[in-house]
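The structure appears below as structure tokens.
Rule-based calculations on the coordinates, nothing more; no lab input. From a predicted model like this one, the values you see are computed outputs, not experimental measurements. We place every Cβ from the backbone using ideal geometry, glycine too, and count neighbours over all the protein chains shown.
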There are 2 protein chains.
Amino acid sequence: MRTLITNIAELTTNVAVGDDPCGTMNDAAVLIEGELIAWVGTTEGAPSADEVVDAAGRAVIPGFVDSHSHLVFAGDRAAEFEARMAGQKYAAGGIRSTVAATRAATDDELRARLRGFLDEMLAQGTTTVEIKSGYGLSVADEERLLRLAAEVTPEVTFLGAHVVPAEYADRPDEYVDLVVGPMLDACVPHAKWIDVFCETGAFTVPQSRRVLEAGIARGLAPRVHASQLGPGEGVHLAVELGAASIDHGTYLTEADIDALAGSDTVLTLLPGVEFSTRQPYPDARRLLDAGVTVALACDTNPGSSFTSSMPFCIAVAVRDMGMTPAEAVWAATAGGARALRRDDVGVIAPGARADLVLLDAPTRIHLAYRPGVPLVRAVWKDGASV
Amino acid sequence: MRTLITNIAELTTNVAVGDDPCGTMNDAAVLIEGELIAWVGTTEGAPSADEVVDAAGRAVIPGFVDSHSHLVFAGDRAAEFEARMAGQKYAAGGIRSTVAATRAATDDELRARLRGFLDEMLAQGTTTVEIKSGYGLSVADEERLLRLAAEVTPEVTFLGAHVVPAEYADRPDEYVDLVVGPMLDACVPHAKWIDVFCETGAFTVPQSRRVLEAGIARGLAPRVHASQLGPGEGVHLAVELGAASIDHGTYLTEADIDALAGSDTVLTLLPGVEFSTRQPYPDARRLLDAGVTVALACDTNPGSSFTSSMPFCIAVAVRDMGMTPAEAVWAATAGGARALRRDDVGVIAPGARADLVLLDAPTRIHLAYRPGVPLVRAVWKDGASV
């Protein structure tokens with residue numbers, strides 16, 4: 001089956017051309033063959049196909065690569081959100097209420113919720129999603145959450161070190177012993193990544209190092225939550241260990257920025273978190289100008305960011321973080337792919353996965369220019385229209 | 001035809017009960033009969049019906065009443081938006097580029113665009129929309145825009161005094177002569193409201209008074225754009241003339257707030273404008289605490305706010321203007337109705353229009369808690385599922 005999308009007013013390929021990292025093409029066409037992209041060029045020179053989709057002057061971008069989510073959980077925390085908006089401060093400890101609800105849920109309940117979120121994301125243009133554990137916090141529950149996540153994505157992250165569970169509140173180092181021992185043993189078969197929340201109120205730098213090094217020793221690749229609630233040493237730890245990404249980065253020092261700019265570690269910004277916790281937005285402009293590679297992700301979770309909308313994150317990144325629309329769209333597609341060390345997604349080029357989004361708009365600028373409006377008109381994932 | 005919606009976890013009626021202006025009911029049911037709401041109560045005591053819709057623990061709110069839009073226009077200003085996000089300041093003069101595109105468009109082109117926006121809004125839960133002219137700025141074009149608007153809504157506003165058109169740039173008072181003379185003559189048959197943009201760069205206070213008084217003399221009811229770009233006398237003029245609403249209010253003085261609190265004039269806040277022009281958000285908390293009646297609207301237009309999403313406006317009003325989710329939802333429904341002096345919409349009560357939104361969420365809080373996510377699962381307008 002060969003599907004040709006023609007008359008694309010603006011095609012974002014993310015194959016850099018000159019000083020345009022988005023590799024923007026006008027009056028373009030894309031040929032999908034099976035699960036892959038087979039050809040990219042102008043409408044005029046397009047090959048024949050079994051099916052032709054006329055984009056009729058609309059824009060096409062790669063499917064969003066959402067490299068940070070926590071989709072396996074039960075319950076919500078709407079009342080906590082409401083209280084926070086009335087003035088109460090966000091604290092990482094709220095995670096424990098989701099842990100209790102998640103432990104009490106059956107596999108099928110968690111699976112139904114998870115699939116609901118994936119459908120919701122796909123309808124909003126997200127074709128690749130990373131999923132973390134972290135609401136189990138026991139050997140059996142962390143294993144269970146990762147097993148469920150692995151049913152739906154290869155980008156599975158073991159985050160047993162999300163927060164110290166209530167039953168270990170007075171002995172966090174014993175909890176880390178559990179994480180790097182029996183819990184890691186149980187989780188390794190399902191996971192690709194090892195992660196830790198390196199933050200005051202969660203895990204210290206030495207504890208974080210133990211967790212990451214234990215995961216690396218078992219073949220998992222590192223990524224780190226850090227500098228969400230205040231400055232810390234998480235960025236340096238992440239860079240030192242060659243993490244694919246450090247996520248949050250709400251509070252970065254000059255030294256953090258220098259370390260990131262000279263590294264292969266992506267900085268994944270999560271605008272939904274600052275939006276939903278009323279924290280100050282990081283200055284993405286400064287980061288980009290310093291040479292840091294930036295990704296955007298939703299961090300979908302019931303506590304600090306319950307959005308699943310990459311277009312929303314793009315709009316906020318443009319309005320409040322100083323990114324251009326082109327930079328924000330790149331960060332939400334190619335940037336997310338870099339944060340997952342993938343080169344087969346986040347790009348529209350021959351041989352890449354055929355994951356594409358047709359916008360109900362003539363340019364990608366509209367994703368920021370029309371905030372909140374559902375502009376995703378059609379989505380292809382692995383070559384199939386969904 | 002009688003349709004019963006049952007098992008509504010949280011129903012926002014906007015029929016005040018005690019200290020709850022939202023008149024919130026749990027485990028509720030609503031009976032629709034023809035175009036109207038026939039009955040509201042608990043699921044257990046619900047009457048029989050021809051059709052039963054099981055809300056299955058979701059929330060229902062009144063359809064959004066978007067009391068401020070500029071939907072009859074051609075073209076867009078994406079490049080201007082992009083330049084502004086890169087640091088260029090918003091100026092009212094950009095309106096003129098939309099005027100040129102709109103004048104060049106045919107009736108059918110404008111009609112197709114208008115209907116597209118209405119479909120987009122309906123899918124996002126907006127069941128009542130006000131539409132202004134203001135991109136014609138000649139007798140024939142203003143008449144044409146209002147005629148097209150009147151095809152789709154009774155809430156039609158003559159805004160010939162949107163900006164002084166280029167051909168009158170050096171003689172604004174002559175343009176006002178045209179607005180209050182032949183243009184008003186041509187437009188009165190289509191319009192219910194008279195409006196003016198009372199702002200530096202648009203119309204002075206004496207010019208604004210001339211426009212409003214001329215409209216009032218012809219039976220139109222006044223509403224005013226004011227204090228968007230800086231403080232001014234527009235609020236006082238609006239209150240003095242008994243305007244239904246003053247819209248924007250980004251820059252209000254204490255005297256403005258006192259005047260509004262003691263009046264029947266609604267303050268319509270437009271969060272999309274501050275979002276898309278990067279202006280400071282007005283402090284809705286202070287306004288509400290002072291006793292001002294607040295509405296929320298999108299101000300859909302290609303220059304300063306191209307969102308059409310009332311849920312987006314609610315989320316921003318909660319995050320950045322200090323409204324509670326309940327206040328924001330009230331403002332986007334009952335508040336909009338007050339701003340249009342309507343008591344048959346924005347409320348779920350026997351006898352009101354059957355305009356309802358079923359959310360894919362258990363509470364209205366989720367509209368702010370899940371920013372950007374399309375949470376509108378079903379919409380009824382005039383009793384019909386759409």
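Structure notes:
- Helix A:310-321 axis, angle to chain A major axis (alpha carbon atoms, nearest 10°): 80 degrees
- Chain A: angle of helix A:107-123 to the longest principal axis, Cα-based, in degrees nearest 10: 40 degrees
- Of all DSSP beta bridges in the range A:64-339, antiparallel share, percent nearest 5: 5 percent
- For A:E155, B:E51, the sequence from fewest to most other C-beta atoms within 10 Å is B:E51, A:E155.
- Projected label points at B:A255 and A:R278, each 7 Å from Cα along the beta carbon direction, are separated by 3.1 nanometres.
- Principal-axis analysis of the Cα atoms of chain A puts helix A:139-150 at an angle of about 0° to the longest axis.
- Each residue of the range A:15-64 gets 102 Å³ once the volume of the Cα convex hull is shared out per residue.
- Beta bridges by DSSP in the range B:1-128, antiparallel share as percent, to the nearest 5: 60 percent
- Based on the Stokes-Einstein relation at 25 °C and a viscosity of 0.890 mPa s, and on the Kirkwood radius from alpha carbon pairs, the range B:230-386 is assigned a translational diffusion coefficient of 153 µm²/s.
- FRET E, pair A:E51, A:D119, Förster distance 35 Å, beta-carbon r, rounded to 0.05: 0.90
- Each of A:I314, B:I216 has some number of other Cβ atoms within 10 Å of its Cβ, and from fewest to most they run B:I216, A:I314.
- In units of the rule-of-thumb radius 2.2 N^0.38 Å, the range B:205-251 shows an alpha carbon radius of gyration of 1.07.
- Debye-sum result for chain A in log10 I(q)/I(0), which assumes one identical scatterer on each alpha carbon, at q = 0.06 Å⁻¹: -0.22
- Rg over Rh [alpha-carbon atoms, Kirkwood Rh] for the range B:156-251: 0.94
- Among beta bridges identified by DSSP and lying wholly in the protein assembly as shown, the antiparallel ones come to about 45 percent.
- The mean number of partner chain beta-carbon atoms within 10 angstrom of a residue's beta-carbon across peptide B:307-319 is 4.
- Derived scalar couplings ³J(HN,Hα) [the range B:288-301; Karplus, 6.51 cos²θ - 1.76 cosθ + 1.60; whole Hz; x for Gly, Pro]: 5, 5, 7, x, 6, 7, 10, 10, 10, 8, 8, 6, 4, 6
- Residues of type lysines that B:K192 reaches as a straight line, Cα spacing below 22 Å, ignoring anything fewer than 8 places off in the same chain: B:K132, B:K381
- Where the Cα pairs of the protein assembly as shown fall when distances are cut into 20 Å bins, in %: 17, 47, 31, 5, 0
- Dividing the mean sequence gap of close Cα pairs (under 8 Å, 6+ apart) by how many residues chain B holds gives a relative contact order of 20 percent.
- Exposure proxy shown here: for B:R103, B:R364, A:R285, the number of other Cβ atoms within 10 Å sets the order, fewest to most, as A:R285, B:R103, B:R364.
- Scaling against 2.2 N^0.38 Å puts the C-alpha radius of gyration of the range A:76-188 at 1.14.
- Once divided by 2.2 N^0.38 Å, the Cα radius of gyration of the range A:342-386 becomes 1.28.
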